[in-house]
């Protein structure tokens, strides 16, 4: 497999039975973060956390999984003083050990905890999943090198572990101000930039962007605070404020626009998983039961979930839900009426939401893809599955009329929670054949 420019170089060490195995950070299939893979000490193998490719630690040969190149593993005696081996890792280990019994692989219609609902509590496990998301990483790297010019002052809003800041500096930025509210994650970004030799040009700011004042306005504002519905990480007011206060009048913003879409689906397996409480997660930190209790959700159908929903499940053509662009002054709360004429029959179980972002004039990030094996899916965003509690049998030609709305819960003072509501009815020959009414608590 040809390596992407974004993939970090270097290895990490596994000490086993008196030997040191120097393993590359990334799986050669789709750049899964092998540091979070499962190690079998008996067979001396390591499994990729994304798609379960298994590699021999002794030879690097692939033993199972989607076909790809072998791993370039170096085997050394334990206790070797080889300086390269001792310092090869290009970033610090995670602060919490990964859950090795629940690897981070996924498949179509598999239901996952909605990570955008836990944005304030993301740890390095989820950030590592984002770093392994090839769709995301390729698009953002291409757009940053297209937009950032030598000598630019850049603001990276929601810095995370600093990969976007790193690319901006590599593209020639004179300075990057990285704004991140998570202290531990920002410390990882600082270390990443120091290790890359950019520590003197990276300015970390550990505050909410609303509380930040800059000495000088920026030429470029970079952000990646979209959820899979587009606005489910509250990006509209954050970016509107940042554009107004941080950016020069002729400054450039990345992304230029984000458009969200909604389409009815016949996702029977996903609906069964929600009904049975079979919701996957990266670790106990993101337990779905905790989220239900936190949001006072009594029915599992009053929440959306991260889930890959292929186009073969569509019952109609997608419809545009929202579009954010220019100064991002579009309203954050809204009520939209949508109408669909179904082109397929089946069992309506809910809706798929996704976004398409114009990151830069020549780069589009489209997360709508549903073919996991082909690599056109987003490992971290996936799609949003908005279920309905009682599925409805539908036919081609049926009319679906619905209202979709977004508002803030009255008790939330953080601005990082929202209430979505999707309700509507199905008509056939002018007669109502089914109705639904769900909302995400609050």
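The values are calculated or read from the model by the stated rules, or taken from the named source; none is laboratory data. Just so it is clear, the structure is predicted and the values come from calculations on it, not from any experiment. Note that we place each Cβ from the backbone using ideal geometry, even for glycine, and neighbour counts take in every protein chain shown.
Things worth noting here:
- Scanning the stretch 143-162 for residues that are assigned to a helix (DSSP H, G or I), under 21 Å from residue 195 (Cα atoms) and touching a strand residue (DSSP E or B) at 6+ places or on another chain (Cβ under 7 Å) yields a single hit, 144.
- Among residues of the stretch 194-220 being out of contact with any strand residue (DSSP E or B) (no Cβ under 6 Å at 6 or more places or on another chain) and in a helix (DSSP H, G or I), the one that is modelled with the lowest pLDDT is 195.
- Scan of the stretch 352-368 for residues that are surrounded by fewer than 22 Cβ atoms within 10 Å (Cβ to Cβ) and over 21 Å from residue 305 (Cβ atoms), ordered by number: 358, 361, 362, 363, 364
- Remark: pairs (first residue in the stretch 386-398, free of Cβ contacts under 8 Å to residues at least 60 places away in the same chain; second residue surrounded by fewer than 13 Cβ atoms within 10 Å (Cβ to Cβ) and in a loop (DSSP other than H, G, I, E, B); Cβ separation under 8 Å; 6+ apart in sequence or on different chains) = 396/343.
- Annotation: of all residues in the stretch 57-67 being touching a strand residue (DSSP E or B) at 6+ places or on another chain (Cβ under 6 Å) and modelled with pLDDT of 85 or more, the one that is surrounded by the most Cβ atoms within 10 Å (Cβ to Cβ) is 57.
- Residue satisfying all of: in the stretch 278-299; under 22 Å from the mean Cα position of the chain (by Cα) and part of a loop (DSSP other than H, G, I, E, B); farthest from residue 423 (Cα to Cα) among these: 283
- Meeting the requirement of 2 or more residues that are touching a helix residue (DSSP H, G or I) at 6+ places or on another chain (Cβ under 8 Å) and modelled with pLDDT of 95 or more, the strands (runs of 3 or more DSSP E) wholly within the stretch 328-442 are 346-360, 363-366, 383-394.
- Residue 241 satisfies every condition listed in (1) at pLDDT 95 or above; (2) part of a strand (DSSP E or B) except (2).
- Residue within the stretch 10-28 that is surrounded by fewer than 21 Cβ atoms within 10 Å (Cβ to Cβ), at pLDDT below 75, farther than 29 Å from residue 196 by Cβ and out of contact with any helix residue (DSSP H, G or I) (no Cβ under 8 Å at 6 or more places or on another chain) present: no
- Test: residue in the stretch 41-49 that is within 24 Å of residue 166 (Cβ to Cβ) and modelled with pLDDT of 65 or more: yes
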